[in-house]
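A short worksheet on the structure shown next.
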Amino acid sequence: MVVCLEDAKKRKSDYLVGCNLGARPIDQHIKGFEALGADVEVSNGNITAKAKKLTANSIYMDVVSVGATINVMLASVLAEGTTIIDNAAKEPHIVDVANFLNTMGADIRGAGTDIIKVNGVKELKGNATYSVVPDQIEAGTFMLAAVASKGDVVIKNCITKHLESITAKIIEIGGNVDANGDHLRVWCNTRTNKATIKTLPYPGFPTDLQPQMGVVLSLSKGTSIINESIWESRFQYTAELNKMGAKITAQGKSAVFEGVDKLNAAPVYACDLRAGAALIIAGIVAKGKTEIYNLNYIDRGYENIEEKFRKLGAKIERINED
């Protein structure tokens, strides 16, 4: 059984502070804005960008950055001329933002590839209707929960192509995935096998599913290795899993998982959003009652997560400590 304990006193700042995963450089954002003609000033912790007029330009991203790609795409929509974003991020939500802007009158082409071309328009229209793309990370979380718990889960309304890297790894370690239109059935009835995983930008294995996969590998046969190429502090959750009986050695951006037969309940703390989701999965499969703290992290990325797990048969509840 897993019990989620809600902190008694929540501060507004709890919902404003992001996950502490390491350095978050904004140099590519600034580079993009300046290339379009903006004056950017960084002073006393504040960033100010000003421009009377933005002009299209060719911008090469030194590193693949989802946030910088989106920001430059947004800024160039109304810039005069054609902006080319080279080495652009290809995540599904990049495509989603581009499609949304296009419904408002923008002219963006190539989203989802390495090169995005934005032909500037004079104005955007505010009467668009748009349906946001399903969240592949939430879907992937439930896929890995099914594998870790030896369960059988059908996930509806998902885009199966967005989940191909997760599907491939689940099948590699001995799980089963059946894709049927916008439905995915995931099931596993045996102990999974070891694996070596390296997180990469889309379409590679996503860093946001790395902790959830870490729970699966903690219970798999043999020795598994995860190499994290995105965030330098992504493995903080391993200390919490070790409290539950896992045998994980993490150093820098790599971690070694010695598979154990079972996990045991313990009080644990979510150190970031995806770590919190991983600890919920660990609590569901662990023997005994697990208490999870710092729910504010989890709530940033999952809506009614305990209710969804309850519908799948998990014994989970949210408790206010007051």
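At 1.4 Å probe radius, can you tell me the per residue accessible area of the chain in Å²? Walk me through the numbers on the way to the answer.
Working: 15820 Å² over 322 residues.
Per residue, the chain has an accessible area of 49 Å².
Nearest 0.05, what FRET efficiency do residue 48 and residue 78 give at R0 = 30 Å with Cβ-Cβ as r? It would help to have the intermediate numbers written out before the result.
Working: r = 19 Å, r/R0 = 0.64.
Using R0 = 30 Å, I get an efficiency of 0.95.
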**Report entry** segment 113-208 - Rg (one decimal) and Dmax (whole number), Cα, Å
**Finding:** 17.1, 59
Report summary line: Burial-style ranking of 148-161, 73-86, average other-beta-carbon count within 10 Å with highest first, yields 73-86, 148-161
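What is the sum of charges, Lys and Arg at +1 and Asp and Glu at -1, for the other residues whose Cβ falls under 15 Å from the Cβ of residue 186? Intermediate values should be presented prior to the final figure.
Numbers: positive: 150, 156, 169, 185, 308; negative: 138, 152, 164, 172, 178, 182.
Once positives and negatives cancel, what remains is -1.
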Query raised in the report: Looking at 121, 79, 66, which one has the Cα that reaches farthest to the positive end of the dipole of segment 57-167 (charges on Cβ: Lys, Arg +1; Asp, Glu -1)?
Result: 121
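Relative to the Cα centre, what is the charge dipole magnitude of the chain, using +1 at the beta carbon of each Lys and Arg, -1 at the beta carbon of each Asp and Glu, and rounding to the nearest 20 debye? Walk me through the numbers on the way to the answer.
On the way: 37 positive and 37 negative charges, 116 e Å.
In debye, rounded to 20, the chain gives about 560.
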**Report entry** Three-way shape label, segment 245-290, alpha-carbon gyration tensor, a/c 1.5
**Finding:** oblate
Query raised in the report: Looking at the square roots a ≥ b ≥ c of the eigenvalues of the Cα gyration tensor of segment 185-256, which shape do they give, rounded for a/c under 1.5, prolate if a/b is larger than b/c, or oblate?
Result: oblate
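The chain: percent of C-alpha pairs farther apart than 29 Å?
Details: 22611 of 51681 pairs.
Tail fraction, whole percent: 44.
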Query raised in the report: In whole Å, what are the Cα extents of segment 190-315 along the three principal axes, biggest one first?
Result: 32, 30, 24
Query raised in the report: Pairs 253/308; 262/311; 150/308; 156/243: which are spaced more than 26 Å apart, C-alpha to C-alpha?
Result: 253/308; 156/243
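Which percent of the accessible heavy-atom area of segment 152-267 goes to carbon and sulfur, probe 1.4 angstrom?
On the way: 2550 of 5230 Å².
Answer for segment 152-267: carbon and sulfur cover 49 percent of the accessible area.
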Query raised in the report: Can you give the extra length, in nm with one decimal, that the chain gains between residue 191 and residue 320 once fully stretched, where that is 0.36 nm per residue apart less the Cα-Cα distance?
Result: 42.9 nm
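The values are calculated or read from the model by the stated rules, or taken from the named source; none is laboratory data. Quick caveat, the model's predicted, so the values are computed rather than measured. All Cβ positions, glycine included, derive from the backbone under ideal geometry; neighbour counts span all protein chains shown. Protein only, heavy atoms only, side chains kept; ligands, DNA and RNA dropped before computing areas. Shrake-Rupley method; radii C 1.70, N 1.55, O 1.52, S 1.80 Å.
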